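A short write-up of the structure that comes next.
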Amino acid sequence: MKYSKLLEPLDIGFTQLKNRVIMGSMHTMLEEIPGGNKMAAAFYAERAKGQVGLIVTGGIAPNVEGGVAEGSGKLTNQEEAEHHKIITEAVHKEGGKICLQILHTGRYAYSPKAVAPSPIQAPINMFTPRELTHEDIEQTISDYIRCAKLSKEAGYDGVEVMGSEGYLINQFIVRHTNKRSDQWGGAYANRIQFPIRIVKGIREAVGDDFIIIYRLSMLDLIKDGSSWDEVVILAKEIEKAGATIINTGIGWHEARIPTIGSVVPRGGFAWVTKRLMGEVNIPLVATNRINTPEIAEKILSEGCSDMVSMARPFLADSQFVQKAIDDKADEINTCIACNQACLDHTFTMQRCSCIVNPRACFETELNYLPTISPKKIAVIGGGPAGLAAASICAERGHEVHLYEAQSKLGGQFNMAKVIPGKEDYAETIRYYSKMMEKFGVEVFLNTKIEIKNLEDLGYDEVVIATGVNPRKLEFEGIDHSKVLSYRDVLLNNKEVGEKVAIVGAGGIGFDVAEYLSHADEKPMKTNQYMEEWGVDMDYSNPGATALPNETPSPRKIYLLKRSPGKHGKNLGKTTGWIHRLSLQKKKVEMFSSCEYLKVSDEGFLIRSADNEKLLDVDNIIICAGQESHDPYSTALNISGNVHVIGGAKNAKGLDAKRAIKEAAELAARL
């Protein structure tokens, strides 16, 4: 068997897991939607059918104060437990196992009801928490135990106690947030009584035949976090308290070190789980940026852990494990760690989904059913929208011809994949190329099909997915040889000088700045990444933080924008800070409120904050947005239907999330 370690069963005493894969917890927001448990049942059941060894739900609060926000999912009484049975029954029907994650957010609760061991406001929250009294703490422990008992009654196979990522339990454990002087604070032995009491109490309440996963923060990545010796002490105490499995938690949400973004090397945090191997006798789980069977197999084969946890990869492809079993890894729709439709949605209180798989969390609404009336369909454009439309139409049984003017498929993703930290975008192109082959799409590259030919070929439907062109600006010297477009740089590999001005500070401007500020474009190795972002792999400091080893850009780069205010304010909710901080580390100079006056042999004359500046630059790169490119729809005269999607339809605020979603919804209807 190709993935023998990954697919090996795991005996945990009272039961057996079919393989070493945990589908990690994700807050999908399904729990907050009216009737959402039915949607959640379909979501989890599809993953169970895909042969994942063990599923963990999104975080469910043990009491009102513990919810992510007011109205968030909780499990506090028998009536709420009844609503969960539809989920557990659906998973068990597909032969799967599922645990409910008990999550108390503590000072991270976006609510005036937030509580914590000490009244210290989190830097990522506007609410200051109320300090828990001794009686409150005892009641909260009881609430955890009650939640676990109700989980068992609801049919869950176990629970995961969320003790990491800076949530309530983690807040008790470290001096950073626990300033108490009573029996719950001070010495480490006191600070860890809270999680020990919770796990021990749950085990006593649910008996021996119930899975208890404890999510242990192995790297806090904050000042005054746990030391390595303390992590080991807690792991051993949690084992003694009755845990079945210990899962790895990496970094607090307020830590300024990326832990799951696309910039993180694949499997980049497995080293810390490996460090704990042998210290306890229960299975350990490695996590974070494990998105292919190959990476998972490598982690297990190298003895880093007993299991691997993958969360977002199961949004991207519910059949991840089944495809590994069938030795069809090239058919896996790989998670590219963009966060655009998952975490960005969660943190803005929207239903979670996936940029490369719009069906995720929409399984009851968006399905690609076999057609009863096959059609002949032309798709014009081989970017993300065109590829999604073509592959889904063909999967449903239509005859599909795809026309692409360039020499390769991928469109805008061919530019994204060359950006340092976005190399995984190439996986989406690989996936769709494989789907073209699997479902028999006839692909015509280097083909700018003429309107007359389209009209003569007798298509029933024509899908226009021709994307965008760079938006053109007008100022003196715009035609100077120094001026390039982002497409010239990222797609056509035109030479760029040592001093550069980038016009436009949206997503593309940031990408170009990232691309040009790296001397080495290859993906970073784990140790290089940890050094650059300030992670102490020797764990000599509590929290494992270190001074970042910042490497300035080999180029002098100016990032310019017309609008006032800070750069990157419209970037992703959960990744924008990474892009801003990365460019700060590279010493990229940023100007806002810019007026572009003139390009000349001497440089680029701009006005910013009422001051004229002559920037001595070799090149000016225009990243000022896009314009729709659709030379077909208004001129076509065919008997069938013409559909325009993605950037060809609307370039304003264009992103692949919208383009692929539009394509999927159209293809499901045709």
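The values are calculated or read from the model by the stated rules, or taken from the named source; none is laboratory data. From a predicted model like this one, the values you see are computed outputs, not experimental measurements. Counting neighbours? That spans all protein chains shown, and the Cβs are built from the backbone with ideal geometry, glycine included.
Within the set of pairs 6 or more residues apart or between chains, which connect a residue that is closer than 21 Å to Lys422 by Cβ inside segment 322-337 to a residue that is of a type in the set (Lys, Arg) and in a helix (DSSP H, G or I) with Cβ atoms less than 6 Å apart?
Correct list of pairs: Asp330/Lys434; Ile332/Lys323.
With a cut-off of at least 2 residues that are without any contact (Cβ under 8 Å) to a residue 24 or more places away in the chain and out of contact with any Cys (no Cβ under 7 Å at 6 or more places or on another chain), name the helices (runs of 4 or more DSSP H) lying wholly within segment 340-441.
Numbers: elements: 343-346, 384-395, 413-416, 425-438.
Where helices (runs of 4 or more DSSP H) fall fully within segment 340-441 and carry at least 2 residues being without any contact (Cβ under 8 Å) to a residue 24 or more places away in the chain and out of contact with any Cys (no Cβ under 7 Å at 6 or more places or on another chain), they are 425-438.
Would you mind finding the one in Ala519, Ala513 that is at pLDDT 95 or above and not acidic (Asp, Glu)? Working first, answer last.
Details: Ala519 fails: at pLDDT 95 or above.
Result: Ala513 is the single residue among Ala519, Ala513 that is at pLDDT 95 or above and not acidic (Asp, Glu).
Check Gln121 against each of (1) outside any strand (DSSP E or B); (2) farther than 23 Å from Gly186 by Cα and name the one condition it does not meet.
Here Gln121 meets the rest and fails (2).
With respect to Ile508, determine if the residue is surrounded by 14 or more Cβ atoms within 10 Å (Cβ to Cβ), in a loop (DSSP other than H, G, I, E, B), in contact (Cβ under 8 Å) with a residue 60 or more places away in the chain and of a type in the set (A, V, I, L, M).
On the way: surrounded by 14 or more Cβ atoms within 10 Å (Cβ to Cβ): yes; in a loop (DSSP other than H, G, I, E, B): no; in contact (Cβ under 8 Å) with a residue 60 or more places away in the chain: yes; of a type in the set (A, V, I, L, M): yes.
Judged against the criteria, Ile508 is not a match.
Would you mind finding the one in Lys328, Lys323, Lys375 that is surrounded by fewer than 15 Cβ atoms within 10 Å (Cβ to Cβ) and basic (Lys, Arg)? Break it down stepwise before answering.
Numbers: Lys323 fails: surrounded by fewer than 15 Cβ atoms within 10 Å (Cβ to Cβ); Lys375 fails: surrounded by fewer than 15 Cβ atoms within 10 Å (Cβ to Cβ).
Result of the check over Lys328, Lys323, Lys375: Lys328.
Would you confirm whether any residue within segment 314-323 is closer than 23 Å to Ala45 by Cβ, of a type in the set (Lys, Arg) and assigned by TED's automatic domain parsing to the domain that holds Cys99? Reasoning before the result, please.
If we filter segment 314-323 for residues that are closer than 23 Å to Ala45 by Cβ, which is where we start, we get 314-323.
Applying the additional criterion that residues be of a type in the set (Lys, Arg) yields 323.
Cutting the leftovers down to assigned by TED's automatic domain parsing to the domain that holds Cys99 gives us 323.
Yes: one or more hits.
Going through segment 244-259 one residue at a time, which ones are touching a helix residue (DSSP H, G or I) at 6+ places or on another chain (Cβ under 8 Å) and closer than 21 Å to Met524 by Cβ? It would help to see each step written out before you state the result.
Of all residues in segment 244-259, those touching a helix residue (DSSP H, G or I) at 6+ places or on another chain (Cβ under 8 Å) come to 246, 248-250, 252-253, 256-258.
Hits for segment 244-259 are Thr248, Ile250, Arg256, Ile257, Pro258.
Output the number of the condition that Val496 fails; it satisfies all remaining conditions of (1) assigned to a loop (DSSP other than H, G, I, E, B); (2) in the same structural domain as Asn641 (by TED's automatic domain parsing); (3) among the aliphatic types (A, V, I, L, M).
Of everything listed in (1) assigned to a loop (DSSP other than H, G, I, E, B); (2) in the same structural domain as Asn641 (by TED's automatic domain parsing); (3) among the aliphatic types (A, V, I, L, M), Val496 misses just condition (2).
When you scan segment 100-122, do you find a residue that is under 14 Å from Ala81 (Cα atoms), hydrophobic (A, V, I, L, M, F, W, C) and either modelled with pLDDT under 95 or surrounded by 22 or more Cβ atoms within 10 Å (Cβ to Cβ) (or both), even just one? Before the answer, list the steps.
Residues of segment 100-122 under 14 Å from Ala81 (Cα atoms): 100-102.
Subset that is hydrophobic (A, V, I, L, M, F, W, C): 100, 102.
When the remaining residues are screened for being either modelled with pLDDT under 95 or surrounded by 22 or more Cβ atoms within 10 Å (Cβ to Cβ) (or both), the result is 100, 102.
Within segment 100-122, one or more residues are under 14 Å from Ala81 (Cα atoms), hydrophobic (A, V, I, L, M, F, W, C) and either modelled with pLDDT under 95 or surrounded by 22 or more Cβ atoms within 10 Å (Cβ to Cβ) (or both).
Please give the number of the condition Glu239 fails out of (1) in a helix (DSSP H, G or I); (2) out of contact with any Phe, Trp or Tyr (no Cβ under 8 Å at 6 or more places or on another chain); (3) surrounded by 23 or more Cβ atoms within 10 Å (Cβ to Cβ).
(3)
Tell me which residues, restricted to segment 31-57, are crowded, with 21+ Cβ neighbours inside 10 Å and either without any contact (Cβ under 8 Å) to a residue 24 or more places away in the chain or within 18 Å of Ile145 (Cα to Cα) (or both).
Those that are crowded, with 21+ Cβ neighbours inside 10 Å and either without any contact (Cβ under 8 Å) to a residue 24 or more places away in the chain or within 18 Å of Ile145 (Cα to Cα) (or both): Val56, Thr57.
Just checking, does segment 417-428 include any residue being at pLDDT 95 or above and surrounded by fewer than 17 Cβ atoms within 10 Å (Cβ to Cβ)?
So far as segment 417-428 goes, no, none of its residues is at pLDDT 95 or above and surrounded by fewer than 17 Cβ atoms within 10 Å (Cβ to Cβ).
If you scan segment 556-583, which residues turn out to be farther than 25 Å from Ile260 by Cβ and buried (at least 21 other Cβ atoms within 10 Å of the Cβ)? I'd like the intermediate steps shown before the answer.
Going residue by residue through segment 556-583, those that are farther than 25 Å from Ile260 by Cβ are 556-565.
If the condition is that a residue be farther than 25 Å from Ile260 by Cβ and buried (at least 21 other Cβ atoms within 10 Å of the Cβ), then Ile557, Tyr558, Leu559, Leu560, Lys561 are the ones that fit.
This table checks each residue for (1) in contact with a Gly (Cβ under 9 Å, 6 or more places away or on another chain); (2) surrounded by fewer than 16 Cβ atoms within 10 Å (Cβ to Cβ); (3) not polar (S, T, N, Q).
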position: Glu131; (1), (2), (3): no, yes, yes
position: Ile137; (1), (2), (3): no, no, yes
position: Ile141; (1), (2), (3): yes, no, yes
position: Gly158; (1), (2), (3): no, no, yes
position: Val174; (1), (2), (3): yes, no, yes
position: Lys179; (1), (2), (3): yes, yes, yes
position: Ala187; (1), (2), (3): no, yes, yes
position: Val199; (1), (2), (3): yes, no, yes
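Of all residues in segment 445-465, which are among the charged types (D, E, K, R) and assigned to a strand (DSSP E or B)? Before you say what the answer is, go through the steps one by one.
Filtering segment 445-465 for residues among the charged types (D, E, K, R) gives 448, 450, 452, 455-456, 460-461.
Scanning segment 445-465 gives a single hit, Glu461.
Has segment 535-550 got any residue that is out of contact with any His (no Cβ under 8 Å at 6 or more places or on another chain), surrounded by 15 or more Cβ atoms within 10 Å (Cβ to Cβ), part of a helix (DSSP H, G or I) and among the acidic types (Asp, Glu)?
Scanning segment 535-550, I find no residue that is out of contact with any His (no Cβ under 8 Å at 6 or more places or on another chain), surrounded by 15 or more Cβ atoms within 10 Å (Cβ to Cβ), part of a helix (DSSP H, G or I) and among the acidic types (Asp, Glu), so the answer is no.
Tell me which residues, restricted to segment 609-641, are in contact (Cβ under 8 Å) with a residue 24 or more places away in the chain, closer than 23 Å to Arg562 by Cα and surrounded by fewer than 17 Cβ atoms within 10 Å (Cβ to Cβ).
Asp616, Asp618, Glu627
Out of all the residues in segment 565-589, which are outside any loop (DSSP other than H, G, I, E, B) and either among the basic types (Lys, Arg) or closer than 20 Å to Lys482 by Cβ (or both)? First the steps, then the outcome.
Let us first name the residues in segment 565-589 that are outside any loop (DSSP other than H, G, I, E, B), namely 576-585, 589.
Of everything in segment 565-589, those that are outside any loop (DSSP other than H, G, I, E, B) and either among the basic types (Lys, Arg) or closer than 20 Å to Lys482 by Cβ (or both) turn out to be Arg580, Lys585, Glu589.
Counting only residues that are among the basic types (Lys, Arg), under 34 Å from the mean Cα position of the chain (by Cα) and surrounded by 13 or more Cβ atoms within 10 Å (Cβ to Cβ), how many does segment 445-501 have? Outline the logic, then answer.
First pass over segment 445-501, keeping only residues among the basic types (Lys, Arg): 448, 452, 471-472, 482, 487, 494, 499.
Still in the running and under 34 Å from the mean Cα position of the chain (by Cα): 471-472, 487, 494, 499.
Those left that are additionally surrounded by 13 or more Cβ atoms within 10 Å (Cβ to Cβ): 471, 487, 494, 499.
Qualifying residue count for the region: 4.
Return yes when Lys97 is closer than 26 Å to Thr292 by Cα, in the same structural domain as Ile141 (by TED's automatic domain parsing) and basic (Lys, Arg) and no when it is not.
Working: closer than 26 Å to Thr292 by Cα: yes; in the same structural domain as Ile141 (by TED's automatic domain parsing): yes; basic (Lys, Arg): yes.
For Lys97, the condition - closer than 26 Å to Thr292 by Cα, in the same structural domain as Ile141 (by TED's automatic domain parsing) and basic (Lys, Arg) - is met.
Determine which single condition Thr273 fails, assuming it passes every other condition in (1) of a type in the set (Ser, Thr, Tyr); (2) surrounded by 18 or more Cβ atoms within 10 Å (Cβ to Cβ); (3) touching a residue at least 60 places away in the same chain (Cβ under 8 Å).
(3)
Answer with yes or no whether Ile222 is under 20 Å from Ala114 (Cβ atoms) and assigned by TED's automatic domain parsing to the domain that holds Gln16.
yes
Starting from segment 166-186, keep only residues that are closer than 15 Å to Val231 by Cα and in the same structural domain as Ser142 (by TED's automatic domain parsing), then list their pairs with residues that are modelled with pLDDT of 95 or more and among the polar types (S, T, N, Q) whose Cβ atoms are within a distance under 7 Å, requiring at least 6 positions of separation or different chains.
Asn170/Ser164; Asn170/Ser217; Gln171/Thr177; Gln171/Asn178; Phe172/Asn178; Ile173/Ser226; Val174/Ser226
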